[in-house]
Amino acid sequence: MSPFLALVLAGFLARFGYQMARSPVLPRFAQDLGATPELIGVIFAASTVTGVVIKLPAGALSDVLGRKRMMLLGCAFFAAPPFLYPFVHSPGALLALRFLHGFATAIFSPVASAFVADLSQRGRGEKLGWFAASGDFGSTLGPLLGGLLLFYTASYPATYLVVGVLGLLPLLIVLRLPDEAPRATGSTLGARSAQFWGGIAEVLRSRAVLIASTLEAALYVGYGAFLGFFPTYGRGIGLNDAEIALVMGAQLGTIMLAKPLSGRFSDRLGRKPMILVGLLLCAATLPLIPRFGSLWLLFPVSALFGLGVAVVTPSTTALVADLVKVGRMGSAMGVFGTIWDSGEAAGPILAGVLIASLSYPPAFGLIAAFMAAMALLFLLAVKDPGA
């Protein structure tokens, strides 16, 4: 198996098992442990907070220690923490375990993206698109299997034991990847520390990398708002659970199918045009969602919003990779992932505040305006390195 196919398969399996542990099993588990609604939200978001803190140093360390070593560390967190869930008997212990389990994606995601980007500059956008789509596919199947397992077994321990077994598979795949040449420029701790901090500082000085990463975060503010609050909006206009799932599934299905193709187009047409078109499409469709009350109107608008997300993400990831020097890819993906997670975490919080004070249409409209403003800043401030 080629390294690229191995990374795609590992990414799929990692997200598959990880999302089984997260939704819909985790909120039910927290509720049965006696967690309040507010604490359930904190428990659900805990792993994203871990990503905000850990992704940057994890990516930078992979520049020093090697991609394979860091990915093995990330895979260890996919494999080990699920076996601890059966021993959790309080909301506080569950919260602590969720922070620990969050190290899995916090380490694996930026390092694996850097590994894929390292494989070849030619076709980089398409490869990153396939890698992202494989993770999305795993994230879609994981909650489905997790819900079915919980339904048929009525057992949290049994469900999490299956998650643990699945978590071992990415570890086995990454172990079979070819070993890398040493990356560090020196053998002493001081030399490696200097390389680590130098990589972070160099990437953080790149205005283009920071703006491209912030644009991705802006996209995920809107995406997080949609994921967090469309179910409550749909219920409020009389949609049943199946219809709500259908509308959200249209968006997710479009994202999975379109990412590899949009990545290929970004290789041919340039990153910047694809990013602008995708973000403006999201900004145009997001305000329409709370203005429609018909399933047959919401379905295509949701799909178009998903298309916008699919156009932006492989292109921004590839652009960040294009903008950095060889040897700084991990640091760049760490910065990118940290800012991205910040936007994803902020989206539901911001949407909740705006909806509570303004209602759905103006709240989604303001978030869309923010996304459009970020597109304008990106247009003016970032030059496409392929142009």
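The values are calculated or read from the model by the stated rules, or taken from the named source; none is laboratory data. It should be emphasised that the depicted structure is a prediction, and the values quoted were computed from it without experimental measurement. Note that each Cβ is placed from the backbone with ideal geometry, even for glycine, and that neighbours are counted across all protein chains shown. Ligands, DNA and RNA are stripped out before the accessible areas are found, and what is left, the full protein with its side chains, is counted by its heavy atoms. Shrake-Rupley method; radii C 1.70, N 1.55, O 1.52, S 1.80 Å.
Scanning region 236-251 for residues that are of a type outside the set (Gly, Ala, Ser), at pLDDT 80 or above and more than 19 Å from the chain's Cα centre (by Cα) yields ILE237, LEU239, ASN240, GLU243, ILE244, LEU246, VAL247. Here HIS89 passes the criteria (1) in a helix (DSSP H, G or I); (2) open to solvent by 10 Å² or more (accessible area, probe 1.4 Å) except the one numbered (1).
On inspection, LEU279 qualifies as modelled with pLDDT of 85 or more and crowded, with 24+ Cβ neighbours inside 10 Å.
Please verify whether SER357 is surrounded by fewer than 24 Cβ atoms within 10 Å (Cβ to Cβ), closer than 16 Å to LEU219 by Cβ and either among the hydrophobic types (A, V, I, L, M, F, W, C) or modelled with pLDDT of 80 or more (or both), treating the condition exactly as stated. The answer is no for SER357. Evaluated against (1) open to solvent by 20 Å² or more (accessible area, probe 1.4 Å); (2) of a type in the set (A, V, I, L, M); (3) modelled with pLDDT of 80 or more, ALA184 falls short on exactly one condition, (3).
Looking only at region 285-299, residues that are out of contact with any Phe, Trp or Tyr (no Cβ under 9 Å at 6 or more places or on another chain) and in contact (Cβ under 8 Å) with a residue 12 or more places away in the chain come to 3 in all. Condition check for ILE43 on (1) out of contact with any helix residue (DSSP H, G or I) (no Cβ under 7 Å at 6 or more places or on another chain); (2) closer than 20 Å to LEU150 by Cβ: one failure, at (1). Taking region 286-387 as the region of interest, the helices (runs of 4 or more DSSP H) fully inside it that hold 1 or more residues being charged (D, E, K, R) and either more than 26 Å from PHE265 (Cβ to Cβ) or under 23 Å from the mean Cα position of the chain (by Cα) (or both) are 295-323, 329-358. Does region 27-40 hold any residues that are part of a helix (DSSP H, G or I), of a type outside the set (Lys, Arg) and farther than 11 Å from LEU95 by Cβ, and which are they? Correct list: PRO27, PHE29, GLN31, ASP32, PRO37, GLU38.
Residues of region 244-270 that are charged (D, E, K, R) and either surrounded by 16 or more Cβ atoms within 10 Å (Cβ to Cβ) or in contact (Cβ under 8 Å) with a residue 60 or more places away in the chain (or both): LYS259, ARG264, ASP267. Per the conditions (1) closer than 26 Å to ALA45 by Cα; (2) among the aliphatic types (A, V, I, L, M); (3) open to solvent by less than 10 Å² (accessible area, probe 1.4 Å), the sole criterion not satisfied by LEU307 is (3). Closer than 17 Å to LEU150 by Cβ, aliphatic (A, V, I, L, M) and in a helix (DSSP H, G or I): does that describe MET20? Judged against the criteria, MET20 is a match. Quick check: anything in region 334-342 closer than 24 Å to TYR233 by Cβ and touching a residue at least 12 places away in the same chain (Cβ under 8 Å)? Within region 334-342, none of the residues are closer than 24 Å to TYR233 by Cβ and touching a residue at least 12 places away in the same chain (Cβ under 8 Å).
Residues of region 51-77 that are of a type outside the set (Gly, Ala, Ser), open to solvent by less than 10 Å² (accessible area, probe 1.4 Å) and closer than 26 Å to VAL88 by Cα: CYS75 alone.
This table checks each residue for (1) touching a helix residue (DSSP H, G or I) at 6+ places or on another chain (Cβ under 8 Å); (2) modelled with pLDDT of 90 or more.
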residue	(1), (2)
VAL49	yes, no
LEU56	yes, no
MET71	yes, yes
GLY74	yes, yes
GLY92	no, yes
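MET329 fulfils the conditions (1) without any contact (Cβ under 8 Å) to a residue 40 or more places away in the chain; (2) open to solvent by less than 50 Å² (accessible area, probe 1.4 Å) except for a single criterion, (1). Among the conditions (1) more than 15 Å from SER315 (Cα to Cα); (2) within 16 Å of the chain's Cα centre (by Cα); (3) open to solvent by less than 20 Å² (accessible area, probe 1.4 Å), PRO143 misses just one, which is (3).
Is it the case that some residue within region 100-120 is in a helix (DSSP H, G or I), surrounded by fewer than 17 Cβ atoms within 10 Å (Cβ to Cβ) and under 18 Å from the mean Cα position of the chain (by Cα)? Yes, region 100-120 contains at least one residue that is in a helix (DSSP H, G or I), surrounded by fewer than 17 Cβ atoms within 10 Å (Cβ to Cβ) and under 18 Å from the mean Cα position of the chain (by Cα).
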